[in-house]
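To start, the structure under review is shown below, and the notes come after it.
Quick note: the coordinates plus some simple rules give every number you see, no bench work behind them. Since we're looking at a predicted model, the values are computed, not measured. Ideal geometry is used to build each Cβ from the backbone, glycine not excepted, and the neighbour counts take in all protein chains shown.
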Amino acid sequence: MDALQLGSYTFSSRLILGTGKFSNATVMLEAVRASGAQLITVALRRFNREQAEDDLFGPLSAIEGLTLMPNTSGASTAAEAIRAAHIARELSGSPFIKVEIHPNPQHLMPDPIETFEAARVLASEGFLVMPYITADPVLAKRLEDVGCASVMPLGSAIGSGQGVANAAMIEIIIRESGIPVIVDAGLRSPSEAAHAMEMGCSAVLVNSAVAVAGNPPEMAEAFAEAVAAGRKAFRAGLMQKSGSAIATSPLTAFLGAKG
Amino acid sequence: MREIPDWLTDNRETMALAAMLTPPYASDSLEALAAESRAITLRRFGRTMTLYAPLYLSNYCSSGCVYCGFASDRKTLRHRLEADEIVRELTAMKKLGISDILLLTGERTAAADFDYLRKSVEIAAQEMQRVSVEAFPMSVNEYRALADCGCTGITIYQETYNRERYEALHRWGPKKDYIDRLETPARALEGGIKNVGLGVLFGLSDPVEDALALYRHLRYLGRTWWRAGMSLSFPRMRPQTGGYEPPFPVDDHLLARMIFAFRIALPDTELVLSTRESAAYRDGMAGLGITRMSIESRTTVGGYDNPENKEEGQFEIFDDRTAKEFCTALRKKNIEPVFKNWEPAYNGPSDGNKATMHHGETEPCH
């Protein structure tokens with residue numbers, strides 16, 4: 001089976017779904033089911049133990065076959081993310097933690113320095129750390145060195161729908177990485193998800209594009225199909241791109257056959 | 001007298017915003033702004049609305065704001081909530097689902113001073129997920145002490161950026177100092193407060209001039225304090241207890257134009273609308289640009305534990321629906337009301353604009 005391997009966990013689906021921004025929990029759960037995703041991320045700040053109607057964790061944990069990956073969205077420092085990870089593990093029982101550290105709540109760009117520090121500590125504590133990062137090949141290797149389960153470079157800014165704007169850097173990360181590379185954030189359309197998978201990403205994470213679609217469950221399904229198609233294309237081996245046409249009369253014919 | 005800083009009058013950054021706000025307006029321009037504002041809001045914030053509620057701790061005040069029902073020369077009955085009353089109010093608020101609150105006081109007085117405020121924040125942070133404060137201007141050290149106790153946000157409105165109008169409207173008390181007021185949000189950020197809420201009180205002065213100055217203030221803070229979270233509110237003058245008639249009234253259309261223009265100019269900034277606005281206006285605005293709304297507001301001191309309280313509030317509430325009714329209205333618009341959108345693990349002071357990685361030492365009070 002062509003499975004996604006994260007720590008000791010294997011997943012047949014390579015689509016990871018985010019759970020924020022939906023108009024209600026029912027639509028979100030329908031989208032989760034339609035996506036076939038087996039790994040789902042949910043923000044610790046949306047866990048609400050005091051009010052079931054406002055809680056995202058409860059209804060998600062009731063679905064069989066899902067692995068939940070809490071995230072630390074809202075944390076602005078390593079210390080906060082580490083505190084959040086401990087609380088999230090206690091509440092969810094999941095070994096996964098998606099480390100998201102945005103020092104500035106306006107543009108939601110991840111802080112590489114704080115992220116590295118949190119990832120290092122949490123990996124040493126046995127978490128399966130999934131750090132959300134800018135597409136920086138050196139940072140990706142640093143995170144692999146400290147024991148992260150994957151790296152999650154952003155395709156483009158969260159919620160921007162600009163697709164894989166950082167393709168050149170993500171290609172370097174994929175080429176150099178010994179751990180799964182998962183494009184997270186910025187995807188707008190299934191074709192962009194397929195593109196990321198064709199590039200060799202191990203999985204993609206999508207949230208806004210599904211949550212704010214006209215019909216979220218249908219869009220979730222479309223993403224699932226695109227991710228599967230992209231993966232298949234990657235495994236089949238894409239035809240090499242060429243920058244110019246191949247001349248029918250070879251330019252080097254004058255050299256004659258090599259003898 | 002200290003001079004107005006250059007950043008407040010530099011119009012290079014506000015040209016795009018000014019173009020959206022300055023009359024004459026093309027006949028279909030409001031609809032076009034609404035459509036763009038809605039698309040940006042949807043993309044960035046999704047189909048959700050974060051909810052909070054205000055809790056008035058005290059209505060003692062030492063300032064003489066012409067337009068305010070709590071000004072120190074008003075005959076309003078004065079009192080403050082004691083610790084046990086605060087706990088009762090918070091318990092009543094939690095029963096309504098509220099987990100994100102804004103604590104309010106008047107200008108600093110002996111009856112409601114910094115120590116009183118700090119203790120109140122400490123109590124609130126034990127009960128609520130997120131605590132913000134709208135009170136009086138403080139020193140950097142005082143802000144640091146509040147952040148240490150779990151306060152993550154400070155709301156401080158300039159009211160109007162027109163200095164002459166400002167000085168005429170604020171007749172006495174510490175609030176009379178225009179420049180000190182202007183510098184307050186920066187002190188809060190310096191003290192480790194993570195979010196500052198800015199705003200003008202529309203109706204006091206030329207609204208477009210005020211809106212442009214508000215934008216410049218926000219941008220100045222954002223450049224100087226790179227970690228700063230910021231939100232903008234759009235309060236407009238309603239008939240106050242003191243019977244003040246706003247000289248520059250802002251009608252529904254202009255307020256809508258303001259909200260759309262700010263959303264387009266600031267795609268990532270939280271925009272807030274309170275219960276000063278009517279139910280119909282708030283429902284209409286949900287999804288078009290506003291991302292944070294107050295619910296179940298009382299503008300009297302306390303009022304959650306004893307809803308029969310008939311004393312006069314600071315201003316009149318126009319949307320007096322219950323949280324439940326309001327959430328039903330949001331859901332009808334395909335928007336999810338979110339009560340908890342924060343995590344106390346993220347409380348504690350920010351390092352301001354200093355990029356260091358040594359944060360772990362300071363634990364929040366609770």
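Things worth noting here:
- Residue within segment B:77-100 that is closer than 23 Å to residue B:295 by Cα, hydroxyl-bearing (Ser, Thr, Tyr) and within 14 Å of another protein chain (Cβ to nearest Cβ) present: yes
- Test: residue in segment A:153-174 that is among the hydroxyl-bearing types (Ser, Thr, Tyr), outside any helix (DSSP H, G or I) and more than 14 Å from chain B (Cβ to nearest Cβ): no
- Condition met for residue B:277 (out of contact with any strand residue (DSSP E or B) (no Cβ under 6 Å at 6 or more places or on another chain), closer than 17 Å to residue B:69 by Cα, touching a residue at least 12 places away in the same chain (Cβ under 8 Å) and not aliphatic (A, V, I, L, M)): no
Yes or no, residue by residue, for (1) more than 18 Å from residue A:20 (Cβ to Cβ); (2) more than 9 Å from every other protein chain (Cβ to nearest Cβ); (3) aromatic (Phe, Trp, Tyr):
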| residue | (1), (2), (3) |
| --- | --- |
| A:46 | no, no, no |
| A:59 | no, yes, no |
| A:76 | no, no, no |
| A:83 | yes, no, no |
| A:93 | yes, yes, no |
| A:102 | no, yes, no |
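- Residue within segment B:133-155 that is under 24 Å from residue B:295 (Cα atoms), without any contact (Cβ under 8 Å) to a residue 40 or more places away in the chain, part of a strand (DSSP E or B) and not hydroxyl-bearing (Ser, Thr, Tyr) present: yes
- Candidate set from segment B:106-159 (those that are out of contact with any Lys or Arg (no Cβ under 8 Å at 6 or more places or on another chain), polar (S, T, N, Q) and crowded, with 21+ Cβ neighbours inside 10 Å); member that is farthest from residue B:186 (Cα to Cα): B:120
- Scanning segment A:29-56 for residues that are crowded, with 22+ Cβ neighbours inside 10 Å, under 26 Å from residue A:10 (Cβ atoms) and not hydrophobic (A, V, I, L, M, F, W, C) yields a count of 2.
- Among the residues of segment B:1-35, those that are in contact with a Lys or Arg (Cβ under 9 Å, 6 or more places away or on another chain) and of a type in the set (S, T, N, Q) comprise B:9, B:11, B:14, B:29.
- Residues of segment B:198-241 satisfying the condition of being polar (S, T, N, Q) and either assigned to a helix (DSSP H, G or I) or in contact with a helix residue (DSSP H, G or I) (Cβ under 9 Å, 6 or more places away or on another chain) (or both): B:205, B:224
- Subset tally (residues that are more than 9 Å from every other protein chain (Cβ to nearest Cβ) and touching a helix residue (DSSP H, G or I) at 6+ places or on another chain (Cβ under 7 Å)) for segment A:33-44: 5
- Residues in segment B:227-266 that are of a type in the set (Phe, Trp, Tyr) and under 22 Å from residue B:43 (Cβ atoms) were compared, and the one that is surrounded by the fewest Cβ atoms within 10 Å (Cβ to Cβ) is B:262.
- Candidates are the residues of segment A:104-120 that are outside any helix (DSSP H, G or I) and farther than 22 Å from residue B:50 by Cα; the one that is nearest to the other protein chains (Cβ to nearest Cβ) is A:111.
- Pairing residues of segment B:185-213 that are acidic (Asp, Glu) with residues that are assigned to a helix (DSSP H, G or I), at Cβ distances under 7 Å and at least 6 apart in sequence or on separate chains, gives B:190/B:140.
- Scope segment A:64-75; condition in contact (Cβ under 8 Å) with a residue 24 or more places away in the chain, out of contact with any helix residue (DSSP H, G or I) (no Cβ under 7 Å at 6 or more places or on another chain) and assigned to a loop (DSSP other than H, G, I, E, B); matching residues: A:65
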